[in-house]
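Here, each number is a calculation from the coordinates, and none is a lab measurement. Everything numeric in this text was worked out from a predicted model, so none of it was measured. Counting neighbours? That spans all protein chains shown, and the Cβs are built from the backbone with ideal geometry, glycine included.
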Amino acid sequence: MKKITLTLIKADIGGYVGHSASHPEIIALAREELLRSNLLIDSYVTACGDDLQLIMTHWEGVGNEDIHKLAWDVFLKCAEKAREMKLYGAGQDLLKTSFSGNLRGMGPGVAEMSFEERKSEPVLIFMADKTEPGAWNLPLYKIFADPFNTPGLIIDPKMHEGFAFEVLDVMEDKSAMLKCPEHLYDLLVLIGSPGRYVIKNVYKNKPKMIAATSTTSRLSLIAGRYVGKDDPALIVRAQHGLPAVGEILEAFSFPHLVEGWMRGSHNGPLMPVRVKDAHPARFDGPPRVMCLGFQIRNGKLGVPRDMFDDPSFDLARQKANEVAEFLRRHGPFEPHRLSSDVMEYTTLPQILKELEHKFKASEHKRIKQKLKRLELEKKVKKSHAFK
Ligand SMILES: [Mg+2]
């Protein structure tokens with residue numbers, strides 16, 4: 001059977017108002033542009049906060065140049081309109097001026113997978129704003145490795161062989177495959193540092209098949225300077241030997257702390273929200289995640305369901321607000337503000353540099369420096385004496 005490919009490509013091409021949302025006219029323009037293409041089986045355009053999300057199905061496979069070029073051209077057109085409309089940070093995620101075959105390293109986030117469509121193919125697509133790809137580590141672990149979240153790992157014979165996690169080291173640009181439950185502890189050693197180790201893909205062990213994939217590029221490192229957090233997206237397949245829809249959603253009932261929020265420099269709770277609430281507000285946050293559910297049929301996406309539009313997530317939202325309030329009271333203090341090694345990629349080092357002249361060495365350090373100088377002078381005199 002021919003495999004279909006589900007591709008999500010996203011970029012912040014301009015905020016309305018500030019960093020809070022995407023302008024409806026930009027979303028409409030992207031929709032029109034994708035409808036015009038004859039490369040796609042189907043498409044759906046939405047936005048999470050200031051990020052424009054292009055969801056596409058096609059027969060062209062993963063990493064296809066034509067599909068990536070199509071998305072790039074849509075973003076360019078939208079960025080042009082965003083500039084005309086004077087939207088905030090227009091074109092901010094488009095780091096290169098021309099397309100060179102693949103979107104990797106060019107700014108937009110890409111998550112895509114090819115699969116044979118099953119008898120029934122439920123897929124959940126998570127999109128987050130004001131956070132980073134490592135934000136998926138905790139929920140992905142819970143969905144695919146934690147029986148307290150996913151009882152199917154224990155009671156469903158089709159899931160009992162577990163799942164393998166492909167973890168990317170975003171600093172070194174290399175990856176490792178860790179099979180669970182065998183390598184569960186090793187997996188946690190890595191993914192507990194979500195700023196560095198990010199789950200890129202999850203595979204079912206037996207029979208091997210793709211279960212989840214995420215966007216992983218780190219904009220701050222690509223550009224060599226801070227250009228905004230690379231708000232992530234995640235595709236998860238459900239049911240028939242994979243976790244049930246409810247098991248996947250369950251992982252988001254705990255609004256865990258993620259990096260991002262204001263200026264991409266703060267820790268905050270990841271709040272699961274309805275699509276209509278996917279617009280960060282307080283302190284440009286708190287970070288939020290929305291989820292669209294698709295029942296794919298012959299490659300057609302159909303009408304999506306807004307999966308967090310349900311009272312069973314009210315408690316998580318309330319908890320997120322309480323945690324947000326608690327953290328905000330810390331103002332610019334860690335651990336609300338990110339630790340200084342992470343702040344290296346922000347504008348903070350500029351301020352620190354300007355402060356350098358205010359520092360004087362301590363008395364102890366000055367004496368040590370003087371002794372070192374005297375020692376050196378002695379050595380020089382000695383060497384002259386030999387000449
Ligand atoms: Mg954003």
Residues whose placed amide H lies under 5 Å from that of Phe99, excluding near-sequence neighbours: none
Please compute the modelled spin-label separation between Asp66 and Asp169, points set 7 Å along Cα→Cβ, answer in nm with one decimal. 3.8 nm
Mind checking which of Leu39, Leu103, Leu257 has the largest fluctuation in a GNM of the chain, springs on alpha carbons under 10 Å? Leu39
Once R0 is set to 25 Å, what does the formula 1/(1 + (r/R0)^6) return for the Cβ-Cβ distance between Val303 and Ser253, expressed as a FRET efficiency to the nearest 0.05? 0.50
When we measure straight from the Cα of Lys204, which aspartates and glutamates land under 17 angstrom away, once same-chain ones fewer than 8 places off are left out? Glu112, Glu116, Glu117, Glu121, Asp146, Asp156, Glu161, Glu166, Glu182, Glu247
Just want the ordering: Met171, Met127, from fewest to most Cβ atoms lying within 10 Å of their own Cβ. Met171, Met127
For the residues Tyr16, Tyr88, what sequence is obtained by ranking on other C-beta atoms within 10 Å, fewest first? Tyr88, Tyr16
Okay, which of region 304-345 sit inside 18 Å, backbone N to the point 7 Å along the Cα-Cβ direction of Lys358? 332-334, 340
Region 258-281 versus region 40-94: alpha-carbon centroid distance in Å: 22 Å
If you take the beta carbon distance between Ser340 and Lys368 as r and set R0 to 30 Å, what does 1/(1 + (r/R0)^6) give as a FRET efficiency, to the nearest 0.05? 0.75
Please figure out what share of the DSSP beta bridges in region 227-335 is antiparallel and state it in percent, rounded to the nearest 5. 80 percent
Can you list residues whose amide H is under 5 Å from Ser265's amide H, if they're 5+ apart or on another chain and H is modeled 1.01 Å from N? Gly260
So which lysines can Lys378 reach, going by Cα to Cα under 17 Å and dropping same-chain residues fewer than 8 places off? Lys368, Lys370, Lys387
Karplus couplings for region 153-159 from phi (6.51 cos²θ - 1.76 cosθ + 1.60, θ = phi - 60°), rounded to Hz, Gly and Pro as x? 4, 9, 9, 9, x, 6, 10
Of all the C-alpha pairs in region 1-111, what % are more than 16 Å from each other? 53 percent
The long-range amide H neighbours of Phe252, using H built 1.01 Å from N in the peptide plane and a cut-off of under 5 Å, are none
Restricted to region 117-350, the DSSP antiparallel beta bridge percent, nearest 5, is 95 percent
Under Karplus coefficients 6.51, -1.76 and 1.60, residue-wise ³J(HN,Hα) of region 70-86 in Hz, glycine/proline x: 4, 5, 4, 5, 4, 4, 4, 5, 5, 5, 4, 5, 4, 5, 4, 7, 6
For the residues Ser214, Ser20, Ser339, what sequence is obtained by ranking on other C-beta atoms within 10 Å, fewest first? Ser339, Ser20, Ser214
So what's the convex hull volume per residue for the Cα atoms of the chain, in Å³? 206 Å³
What are the ³J(HN,Hα) couplings of region 245-250, residue after residue, when phi is run through the Karplus curve with 6.51, -1.76, 1.60 and θ = phi - 60°? Round to Hz, x for glycine and proline. 3, x, 6, 5, 5, 3
